[in-house]
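The values are calculated or read from the model by the stated rules, or taken from the named source; none is laboratory data. Owing to the predicted nature of the structure, the values given are computational and were not obtained by experimental measurement. Cβ coordinates were reconstructed from backbone atoms using ideal geometry, including for glycine residues, and neighbour counts include every protein chain displayed. Areas reflect the complete protein model, heavy atoms only, side chains present, ligands, DNA and RNA absent. Shrake-Rupley method; radii C 1.70, N 1.55, O 1.52, S 1.80 Å.
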Amino acid sequence: MSLVQMTLSGGVFILFIVVVRALALHRLPKGAFLALWEMAALRLLLPFTIPLPFSLFAPAKHLPMVGEYLAPGGAAVPGTPAMGMPSGIQAPAGTASRSILPVVWLVGAALMAAYFTVFYVRARRRFRCSSPDNAPAVRRWLAGQRSHRPLEVRQSASVSSPLTYGVLRPVILLPEDMERGDEAALTYILTHEYIHIRRFDSVAKLVFAAVLCVHWFNPLAWVMYILANRDLELSCDERVMDTLGGREKASYALTLINMEETRSRCFSLYNH
């Protein structure tokens, strides 16, 4: 399957999710939308179709790949001039422009990958300056967790809101100046970040970033990146409320509002 076919079929899937999301965002579990975004990401990254018992749309077929020409009969003949054109006549200008498209795509993909890589490396350098958070409430919460991976809670003056990073050795990073006297609010924050860790949401964010690198030219890929990351956080909030119980909803909502005031606004690879 060519890149054109992948981006067209994936774009149709994204439009379907956007419509369903607009109609049923407050009626369906938030995890359902996250699962749909993950399916769309696979559609955009895998160059083959996974057989399903149903289909939301007909696959895009018989599309020429970049650099192919169409013969009068409709058959694609890679790398050859159109049928009926004398060999001495130069190919149309459109043919030359098509040969430039792969280079343009590669430059765009490399720039997007470079942006995410530089952001990640610079952030990890800042995080190295963090120190273990030895607040009594944090230590008590950490002692009550059972994780198969080594889990750390650290603090840093270089972050303005709590975040999680790392896959094999996950770390919850708290702002150094964050109020730790309200143990209930601290429990909400740590539980939220811990659910990100348990679900491997860092991997999901990397997959969504990879989709944006490959399909940077498709506006629907940008729509997917923004909404998928938003639904990832909403599904995490939903899981926190299920974990803590319904009576904690109002207090947790107020904590989220306070955290939103200082949340990162950039294309982050971390869970905030």
The stretch 172-224 shape via C-alpha gyration tensor axes, a/c threshold 1.5: prolate
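In Å², and per residue, what accessible area does the stretch 96-135 have when probed at 1.4 Å with the other protein chains present?
69
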J(HN,Hα) series, the stretch 24-34, from Karplus relation 6.51 cos²θ - 1.76 cosθ + 1.60, nearest Hz, glycine and proline x: 9, 4, 9, 10, 9, x, 5, x, 5, 5, 4
At a 1.4 Å probe radius, which order do Glu193, Glu176, Glu238, Glu183 fall into by accessible area, largest first? Glu176, Glu183, Glu238, Glu193
When a/c reaches 1.5 or more, the comparison of a/b and b/c decides; with that in mind, is the stretch 97-251 rounded, prolate or oblate per its Cα gyration tensor? prolate
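What does the extension gain come out to for Ala32 and Arg128, with contour length at 0.36 nm per residue minus their alpha carbon separation? Show your work: numbers first, answer last.
Working: separation 96, 0.36 × 96 = 34.56 nm, distance 3.58 nm.
Full extension of this stretch gives 31.0 nm more.
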Any idea how far apart Phe48 and Arg198 come out in nm if each label point goes 7 Å out from Cα toward Cβ? 3.5
Cα gyration tensor shape of the stretch 123-199, rounded if a/c is under 1.5, else prolate or oblate by comparing a/b with b/c: oblate
Please give the FRET efficiency for Leu142 paired with Val207, using the beta carbon to beta carbon distance and R0 = 25 Å, rounded to the nearest 0.05. 0.30
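Per 0.36 nm of contour for each residue apart, how much would the distance between Asp177 and Ile100 grow if the chain were fully extended, relative to their Cα-Cα spacing? Can you show the working numbers first?
Details: separation 77, 0.36 × 77 = 27.72 nm, distance 5.16 nm.
My answer for the length gained is 22.6 nm.
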Taking only protein heavy atoms and a 1.4 Å probe, the highest-to-lowest accessible-area order of His192, His26 is His26, His192
Segment Ser160-Val20, length gained on full extension (0.36 nm per residue, minus Cα span): 47.0 nm
